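The values are calculated or read from the model by the stated rules, or taken from the named source; none is laboratory data. Fair warning: this is a prediction, and the values are worked out from it, not measured in the lab. Cβ: placed from backbone, ideal geometry, glycine included. Neighbour counts: every protein chain shown.
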């Protein structure tokens with residue numbers, strides 16, 4: 001299996017799990033925060049939906065400068081809107097990975113805010129970091145779901161709510 005095929009397989013596997021978390025999302029609790037320092041539930045959710053497109057960004061660009069690229073979150077108010085948006089982000093990520101070669105994966109990609117460099121890693125490392133971020137932020141969703149009394153979907157095996165996984 002090539003490196004890009006490994007990245008695609010991981011993206012597809014994580015997408016299947018993410019879909020379960022999308023289906024459980026409480027759109028009536030978008031402003032919920034588990035703690036004053038925590039992100040709003042809707043912000044965590046949106047980030048999880050968008051992470052697959054980081055594969056496209058890593059492959060097609062050499063950096064993200066937060067000062068030059070302001071973030072405007074998409075308004076997602078329903079399961080249908082969220083599912084459609086996630087599938088669009090996933091398709092873009094998969095398409096970019098279809099086109100990538102090992103030489104591109106070895107190029108350096110930079111995350112910065114103007115002159116302040118937060119990270120410089122290979123494009124492959126950025127894609128893998130986005131996969132890890134997906135896992136991390138889905139876990140945050142799971143904690144929020146638990147505190148809100150929402151059954152926590154399975155990720156890598158059964159949960160207290162889904163023992164027959």
Unique residue being at pLDDT 95 or above and closer than 25 Å to residue 31 by Cα when the list is 63, 107, 80: 80
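Taking residue 95, is it part of a helix (DSSP H, G or I), in contact with a helix residue (DSSP H, G or I) (Cβ under 9 Å, 6 or more places away or on another chain), modelled with pLDDT of 95 or more and closer than 26 Å to residue 4 by Cβ?
Yes: the conditions hold for residue 95.
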Criterion (closer than 26 Å to residue 101 by Cβ, free of Cβ contacts under 8 Å to residues at least 60 places away in the same chain and in contact with a helix residue (DSSP H, G or I) (Cβ under 8 Å, 6 or more places away or on another chain)) met by exactly one of 5, 63, 14, 56: 56
Test result for residue 80, closer than 30 Å to residue 34 by Cβ and surrounded by fewer than 17 Cβ atoms within 10 Å (Cβ to Cβ): yes
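How about the stretch 94-104: which of its residues are surrounded by fewer than 16 Cβ atoms within 10 Å (Cβ to Cβ) and more than 20 Å from the chain's Cα centre (by Cα)?
Of the stretch 94-104, the ones surrounded by fewer than 16 Cβ atoms within 10 Å (Cβ to Cβ) are 95, 98-99, 101-103.
Residues satisfying the conditions are 99, 101, 102, 103.
So which helices (runs of 4 or more DSSP H) stay within the stretch 1-76 end to end and still have 2 or more residues that are surrounded by 15 or more Cβ atoms within 10 Å (Cβ to Cβ) and touching a strand residue (DSSP E or B) at 6+ places or on another chain (Cβ under 9 Å)? Spell out how you get there, then give the answer.
Details: elements: 3-24, 41-50, 54-60.
Because the criterion is at least 2 residues that are surrounded by 15 or more Cβ atoms within 10 Å (Cβ to Cβ) and touching a strand residue (DSSP E or B) at 6+ places or on another chain (Cβ under 9 Å), the helices (runs of 4 or more DSSP H) in the stretch 1-76 that meet it are 54-60.
For the stretch 130-139, name all the residues that are without any contact (Cβ under 8 Å) to a residue 40 or more places away in the chain and either within 19 Å of residue 8 (Cβ to Cβ) or in contact with a helix residue (DSSP H, G or I) (Cβ under 9 Å, 6 or more places away or on another chain) (or both).
132
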In the stretch 140-153, the residues that are part of a loop (DSSP other than H, G, I, E, B), in contact (Cβ under 8 Å) with a residue 12 or more places away in the chain and loosely packed, with under 15 Cβ neighbours inside 10 Å: 148, 151
Matching option when the condition is closer than 20 Å to residue 19 by Cα and surrounded by fewer than 17 Cβ atoms within 10 Å (Cβ to Cβ), among 88, 107: 88
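Return a yes/no flag: does the stretch 110-121 have any residue that is in a loop (DSSP other than H, G, I, E, B), over 21 Å from residue 39 (Cβ atoms) and out of contact with any helix residue (DSSP H, G or I) (no Cβ under 6 Å at 6 or more places or on another chain). So that I can check it myself, show each step before the final result.
To start, the set of residues in the stretch 110-121 that are in a loop (DSSP other than H, G, I, E, B) comprises 114-115.
Cutting the leftovers down to over 21 Å from residue 39 (Cβ atoms) gives us 114-115.
Narrowing the set further to residues that are out of contact with any helix residue (DSSP H, G or I) (no Cβ under 6 Å at 6 or more places or on another chain) leaves 114-115.
Among the residues of the stretch 110-121, at least one is in a loop (DSSP other than H, G, I, E, B), over 21 Å from residue 39 (Cβ atoms) and out of contact with any helix residue (DSSP H, G or I) (no Cβ under 6 Å at 6 or more places or on another chain), which makes the answer yes.
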